[in-house]
Amino acid sequence: MSTLKNLFKLPELRNKVLFTLFMIALYRLGTHIPVPGIDVEQLKVIQQSASGDGVVGFLNLFSGGALTNFAIFVLGIMPYITASIIMQLLTVVIPRLEQWSKDGATGQKKITQWTRYLAVFLALIQATGYMFQFHNGIIGGQDSGADLYPGGRWNLPRVSLGILAIVAGTALVMWMGEMISQRGIGNGMSLLIFTNVVSRLPAEFSRIRESRGWVTFLFVLLGVFAMIVAIIIVDNGQRRIPVQFPKRVVGNRMMGGQNTYIPMKVNQSGVVPIIFASSVLYFPVLLQSVFPVSVQRFVDQNMVRGDSLFYILVFGALIMFFAYFYAAISFDPKQQSDQIRKQGGFIPGIRPGAPTERFLGYVMNRITLPGGLFITLIALVPSLLILLFNISNFGFAGTSILIAVSVALETMKQIDSQMTTKNYAGFLKPAKLNS
């Protein structure tokens, strides 16, 4: 309570927190405003028949229930995430984008602007696909038997209005995330995902208790608690590479001679690989209506259901791939080696230059493996629950907890650092008692 009291004593920090809460409230409101022109009674039928398994359950989780509500925020931030994946992949192969990535803030601003354009374009495609799917009563290959545009509702003006509302909602979500990052606390996009995940957890726990009883419910609670502890340990785990800087004479003073380290996190990419892998898996689900019947049947059996062996293997492989891919983007061994060499430092026992680069690359690959395997196991927990206990209501439990804990820790660290600069005790360190 004293920490919360100190938090609201700082006008600047208090305003950031209140602004963040206000934007989150507006976002949650948008997840319950349906797309104009639909039949609300038919929407209730879809909500009752929608399943929480597989990639569809993941998207419903990330939209905070906006998918089954067919709200104006039905796409959430998924188009922006997908656009970010594409832009990061293109940065490796397109020289102009690679040059922009090296131009600092100016180049990053250009990349961000093109990411927004691409996100709006993807939102337009996905919104059109959603309109046809919900018109046919299909959510990710699952036929609900309902039609959101029955009778004469299915016409060009009404469909165009619905697509425009969804695309505008996606653009608004991107703006809200950026505003939270600039004027609020924490990363805006991560906090919006955190909000959606946390909002779904009470309903998921309630369904477990109602369908499986108190014994299974308590067992799941113990599993969740153990998972939270494991996530915190792995998230804070790091390999510290020692770096020494020799002493040098500057004028009449002796400078340098300090020892420091390079922190390399075990889970360098966080929850990003899971998000990227799910976005890739959802493309066939979204476009299955244009595929032949045999392909549609394969997609229904292997990409919609979370307990499919094909789904488990492909999803796990994609998570591992993006774990290494994101780690390679976020940590450049060559750049780190050059920076250490220019500052006159060295890693004990390792020669500067190419040997240091190879050593850092070797360490990065070694620690990325257990981190990637850990988040893969966490992401596949729902599939294991389905296979072992036939629990299909608690969709994406591991991903939900991983996102919630990771974003909460990141936000707490930001609040703690800002409070520490103002001489207040933060959340992560206990306040000192006066003797």
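The values are calculated or read from the model by the stated rules, or taken from the named source; none is laboratory data. Keep in mind it's a predicted model, so treat the numbers as computed, not measured. Neighbour counts run over all protein chains shown; Cβ positions are idealised from the backbone, glycine included. To get the accessible areas, we keep the full protein, side chains included, count just its heavy atoms, and leave off ligands, DNA and RNA. Shrake-Rupley method; radii C 1.70, N 1.55, O 1.52, S 1.80 Å.
Close Cβ contacts (under 6 Å, 6 or more residues apart or on different chains) running from residues in the range 334-360 that are touching a residue at least 60 places away in the same chain (Cβ under 8 Å) and under 19 Å from residue 263 (Cβ atoms) to residues that are among the hydrophobic types (A, V, I, L, M, F, W, C) and in a helix (DSSP H, G or I) comprise 336/360.
In the condition set (1) outside any helix (DSSP H, G or I); (2) open to solvent by 40 Å² or more (accessible area, probe 1.4 Å), residue 370 is compliant with all but (1).
Restricting the first member to the range 19-35 and to residues that are open to solvent by 10 Å² or more (accessible area, probe 1.4 Å), and the second to residues that are polar (S, T, N, Q), the beta-carbon pairs closer than 7 Å and six or more apart or on different chains are 24/195; 28/195; 28/199; 32/69; 34/69. Only one of the numbered conditions (1) over 22 Å from the mean Cα position of the chain (by Cα); (2) of a type outside the set (Asp, Glu); (3) modelled with pLDDT of 80 or more; (4) surrounded by fewer than 16 Cβ atoms within 10 Å (Cβ to Cβ) is violated by residue 229, and that is (1).
Residue-by-condition table, conditions (1) within 20 Å of residue 380 (Cβ to Cβ); (2) without any contact (Cβ under 8 Å) to a residue 40 or more places away in the chain:
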| residue | (1), (2) |
| --- | --- |
| 187 | no, no |
| 194 | no, no |
| 199 | no, no |
| 208 | yes, no |
| 216 | yes, no |
| 219 | yes, yes |
| 227 | yes, no |
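One line per residue, one yes/no per condition, for (1) over 26 Å from residue 371 (Cβ atoms); (2) surrounded by fewer than 19 Cβ atoms within 10 Å (Cβ to Cβ); (3) at pLDDT below 80; (4) basic (Lys, Arg):
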| residue | (1), (2), (3), (4) |
| --- | --- |
| 273 | no, no, no, no |
| 294 | yes, yes, yes, no |
| 298 | yes, yes, yes, no |
| 311 | no, no, yes, no |
| 323 | no, no, no, no |
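One residue stands out in the range 168-185 among those that are farther than 14 Å from residue 127 by Cβ and out of contact with any helix residue (DSSP H, G or I) (no Cβ under 7 Å at 6 or more places or on another chain): the one that is surrounded by the most Cβ atoms within 10 Å (Cβ to Cβ), namely 175. Picking from residues in the range 351-362 that are among the hydrophobic types (A, V, I, L, M, F, W, C) and buried (at least 17 other Cβ atoms within 10 Å of the Cβ), the one that is farthest from the chain's Cα centre (by Cα) is 359.
Looking only at residues in the range 232-255 that are assigned to a helix (DSSP H, G or I), open to solvent by less than 100 Å² (accessible area, probe 1.4 Å) and at pLDDT 85 or above, the one that is farthest from residue 269 (Cα to Cα) is 232. For the range 80-107, taking the residues that are among the polar types (S, T, N, Q) and either more than 24 Å from the chain's Cα centre (by Cα) or more than 26 Å from residue 126 (Cα to Cα) (or both), the one that is least open to solvent (accessible area, probe 1.4 Å) is identified as 101. Annotation note: of 378, 319, 386, 401, the sole residue that is among the aliphatic types (A, V, I, L, M), at pLDDT below 75, under 27 Å from residue 205 (Cβ atoms) and open to solvent by less than 30 Å² (accessible area, probe 1.4 Å) is 386.
Counting residues in the range 326-343 that are of a type in the set (S, T, N, Q), modelled with pLDDT under 80, surrounded by 14 or more Cβ atoms within 10 Å (Cβ to Cβ) and farther than 27 Å from residue 374 by Cβ gives zero.
Results for (1) in contact with a helix residue (DSSP H, G or I) (Cβ under 7 Å, 6 or more places away or on another chain); (2) farther than 24 Å from residue 165 by Cα; (3) among the hydrophobic types (A, V, I, L, M, F, W, C); (4) modelled with pLDDT under 80, shown as yes or no for each residue.
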{"site": "23", "(1), (2), (3), (4)": "yes, no, yes, no"}
{"site": "34", "(1), (2), (3), (4)": "yes, no, no, no"}
{"site": "67", "(1), (2), (3), (4)": "yes, no, yes, yes"}
{"site": "76", "(1), (2), (3), (4)": "yes, no, no, no"}
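Quick check on residue 359: is it over 30 Å from residue 75 (Cβ atoms) and at pLDDT 85 or above? In short, yes.
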